[in-house]
Amino acid sequence: MIPNSTQAQTGGAALIALVAGYAAGHGWLGLSLSDWTSLVTLIVGAGAILWPVLQTRAQKLKDSVGKLPATTVITDKASADALPNNKDVVAVTPAIVAAVKAAKA
């Protein structure tokens, strides 16, 4: 089961406190608890920002390329449906697959 955003946030806060407390308790790098809390929060925050960017880059590429003149992007149905405003991003069909195979022959 995937946690909702509130569960993820409260679980993440507890995990940050645990890691920071463990690191400070062992005196790693001579940093205090507040220093470790800031450092771990910064790392988790950067991950929270980068994750959506990395997850959506393929979709954004399809949308960008589909907007180029005389260009059509043929992709899976889910991706095409997610870009309803870009008529140059289309879902693959049996007819398209047949046409590609015929062009290769």
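Coordinate-derived values only; no laboratory data. Predicted, not measured: the structure shown is a model, and the values here were computed from it. Neighbour counts are summed over all protein chains in view; Cβ atoms, including those assigned to glycine, are modelled from backbone coordinates with ideal geometry.
Dipole check for the range 7-105: with +1 at the C-beta of Lys and Arg, -1 at the C-beta of Asp and Glu, and the Cα centre as origin, the magnitude is about 520 Debye. Within the shell defined by Cβ-Cβ distances under 14 Å, the residues around Ala70 carry a net charge of +1, with Lys and Arg each +1 and Asp and Glu each -1. Normalised by the number of residues in the range 21-105, the average gap of Cα pairs under 8 Å and 6 or more apart makes the relative contact order 17 percent. In the chain, the convex hull through the Cα atoms has an average projected area of 11.7 nm², a quarter of its surface area. Across the range 86-98, rounded Karplus estimates of 3J(HN,Hα) from the backbone phi angles (6.51 cos²θ - 1.76 cosθ + 1.60, θ = phi - 60°) give 10, 6, 9, 10, 10, 7, 5, 10, x, 5, 5, 4, 5 Hz, Gly and Pro being marked x.
Each residue in Asp81, Asp88 was given a count of other beta-carbon atoms within 10 angstrom of its own, and listing them fewest first yields Asp81, Asp88.
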